[in-house]
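Read the structure below first, then the notes.
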Amino acid sequence: MSLFKSKVASPLICALTLTMAVTPQLSYSQSAETKQHAHAHQHESKYYCPMHPEVTSHEPGRCPECKMFLVSDQKDTDDQETGNKPIDNAAVANYYCPMHPEVTSHKPGRCPECKMFLVSVQKDTDDQETGNKPIDNAAVANYYCPMHPEVTSHEPGRCPECKMFLVSDQKDTDDQETGNKPIDNAAVANYYCPMHPEVTSHEPGRCPECKMFLVKEEEEETANNQVQALSAHSTDEHAGHNHGAQSATSDTADSILSQPKPELIPAAKNTDDGGVKYVCPMHPHVVSDVPSSCPICGMDLEKVVVGGAAEEVVVGVSGGMQQALGMRSEQVNKGTLWKLVKTIGTVEYNENNIGHNHTRVNGWIETLMVHNVGQRVKKGQLLYELYSPELINAQDDYMQAMDYLSQDKGRGKDLLRKARLRLELLGVDSATIKQLERTGKTIYRVPFYAEQDGFVSKLTVRHGMYVQPGDTLFEIVDLTSVWVIADVFENEQSWLEVGRPVEVTSAAQGLFDLESNIDYIYPELDPVTRAMRVRIKLDNPGKVLKPGTLVDVKLFGGPKRDVLSVPTEALILTGRENRVVVQRDNNQFASVPVKVGMIAQGKAEIIEGLNQGDKVIVSGQFLLDSEASIQGSLQRLSGSNSSDDSSNAPHAHH
């Protein structure tokens, strides 16, 4: 009985105590709220801008300066509106944009600038809504994509657009879940592949796709959801969730750059694979003699055969397709190739037939018989007459020697010979000397005559001009023979030698196949065209060939016998090598590299790569060569992939 009384009395005592403690507080709260309510009725509510306090208004609105919502200076609401209960903070919570803090609102929505969800400044919710218990933050945590804010989710995952991790807008985690201790971020760090972001792992390793090192990514999710983010891949989209902090890139860059870089380990070379090298697909300058990893990106070095014999790729083409492509083939045979050089030549003057006319004394041109360039002259024709005091003195000395000969024949004969030789050396013609001997009178205007037939190619004097020794008065060229200067490519100069036969054709003048020989091969190459010059002497009795005329020249360098040759149209010139397409069977073709020698008369000498009797394609071979190249690349690619699959262990995907 006493026990029952004690049990009943205890709750009554607690209830009485609680009633006495609450009653004064209710009385004080009711009185304070009554006063505040009365004061609110006496004065109108006032609104102001948090950024510009001087901007006020008696009704809600926006600040004209910064467009922020005006807030009320009234802290408590009327007792009648709240029913003597604490204010519902959720009803008056303020919302702002994380990217543009000046954009605020009294209700949830989106930022008009960047379209991000407005987040609430209220950290705690009402006790009545949560049942007097703290809210389970992990259950209502919101996640969003930093690059696509419209993509949200209630659980960790990746953005379906850009594959980035969804970040949480919740800053703090519950103390009960973490045990009041910070989570060790290093224990749950994520690693991803820079080339394949969808490949992730919770530990360092390599990407199974490209073999690159996985790099560490800085996580920004809350501590209670980081373990779940390692295995969750949710792409559900939810609207109406709040968005928060942005992901930081500086820490990620530091973690990538601070990772240790592997080095190539030298090893002994394998004598059997002397032509094998290993190259990084991402960094071709990284080359090794042994299998290894790239010290830059960590990818496995690919095996490359340098100078090795490539496997022949055979392409099958049906008979109908061969007809559609217009394919033609020719058989490889041995024969004789003539070292024939076809080139262009230019007609020039024969420099051995160019005559220059100079005076050997000072004087004046009295009579000029040549008036223009190109005038034709004949040998012995009068060109000009010259008055020179020096020639007059020489004539007087000659006549005195003739007079002295009658007095002293021995000594006079020697003086006469010297005086005559002086006149000849001064350029006086023998006919003029005979006239002087016959008449015994001095000739004041001494005539000068042409020494050869030809054309005047240069004229530098006019009537009455003063001339002196060293001046070129005329240049006369004989066109009975001309030179042809032909240009030969550098790789063909070994075919030619002096005395080889030549054929010259000038279709414009109606001259065909003029036969001659190589007269001279110049010892140097032209510095501009890099061509060797060959000189050919041609007779020009009709003077039809004019200097400057272009002619066709055929230079015969001699035969080259018993050589394998194919038509030049069968060659595929790639720049690095020469190839031909060989018909292995009726419907099978292969692209074969060949070594080409001399090319002449539409034929190409094959030094290496073909055998006598092989059939080469001379029409439609380019398509087959392209197909063979593609198939060869695919075979190499499939071979490398199969070797990679067998040698690499799979990585866990998270």
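The values are calculated or read from the model by the stated rules, or taken from the named source; none is laboratory data. Values in this document were obtained by computation on a predicted structure and should not be read as measured data. Cβ: placed from backbone, ideal geometry, glycine included. Neighbour counts: every protein chain shown.
Observations
- Whichever residue in region 188-204 is of a type in the set (A, V, I, L, M, F, W, C) and assigned to a loop (DSSP other than H, G, I, E, B) and, among such residues, is modelled with the lowest pLDDT: Ala189
- Any strands (runs of 3 or more DSSP E) falling wholly within region 480-559 and containing at least 2 residues that are in contact with a Cys (Cβ under 9 Å, 6 or more places away or on another chain): none
- Selection of region 351-366 for residues being within 13 Å of Leu473 (Cβ to Cβ) and in a strand (DSSP E or B) yields Gly355, His356, Asn357, His358, Gly363, Trp364, Ile365.
- All positions within region 312-348 that are closer than 21 Å to Gly548 by Cα and crowded, with 18+ Cβ neighbours inside 10 Å: Gly345, Val347
- Residue match in region 53-72 (condition: modelled with pLDDT under 50, exposed (fewer than 13 other Cβ atoms within 10 Å of the Cβ) and out of contact with any Gly (no Cβ under 8 Å at 6 or more places or on another chain)): no
Residues are listed down the side, and each one gets a yes or a no for (1) under 30 Å from Met299 (Cα atoms); (2) surrounded by 15 or more Cβ atoms within 10 Å (Cβ to Cβ); (3) modelled with pLDDT under 80:
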| position | (1), (2), (3) |
| --- | --- |
| Cys145 | no, yes, no |
| Glu161 | yes, no, no |
| Asp169 | no, yes, yes |
| Asn180 | no, no, yes |
| Ala186 | yes, no, yes |
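- Among (1) within 46 Å of the chain's Cα centre (by Cα); (2) modelled with pLDDT of 90 or more, the one test that Asp519 misses: (1)
- Every condition in (1) surrounded by 12 or more Cβ atoms within 10 Å (Cβ to Cβ); (2) touching a residue at least 12 places away in the same chain (Cβ under 8 Å) holds for Glu351 except the one numbered (1).
- Selection within region 431-453 - among the hydroxyl-bearing types (Ser, Thr, Tyr) and more than 13 Å from Leu382 (Cα to Cα): Thr439, Thr442, Tyr444
- Any hit, region 375-395, residues being at pLDDT below 90 and β-branched (Val, Ile, Thr): no
- Verdict on Gly319 being among the small types (Gly, Ala, Ser) and within 30 Å of Ile617 (Cβ to Cβ): yes
One line per residue, one yes/no per condition, for (1) within 30 Å of Leu624 (Cβ to Cβ); (2) surrounded by 13 or more Cβ atoms within 10 Å (Cβ to Cβ); (3) in the same structural domain as Phe622 (by TED's automatic domain parsing); (4) at pLDDT 90 or above:
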site	(1), (2), (3), (4)
Trp495	no, yes, no, no
Ala531	no, yes, no, yes
Lys537	no, yes, no, yes
Pro541	no, no, no, no
Thr549	no, yes, no, yes
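- Of all residues in region 405-417, those that are surrounded by 17 or more Cβ atoms within 10 Å (Cβ to Cβ) and either closer than 29 Å to Gly363 by Cα or at pLDDT 90 or above (or both) total 2.
- The set of residues in region 268-295 being over 22 Å from Met212 (Cβ atoms) and either modelled with pLDDT of 85 or more or assigned to a strand (DSSP E or B) (or both) consists of Val276, Asp289.
- On the stretch given as region 96-143, residues that are hydroxyl-bearing (Ser, Thr, Tyr) and modelled with pLDDT of 80 or more total 4.
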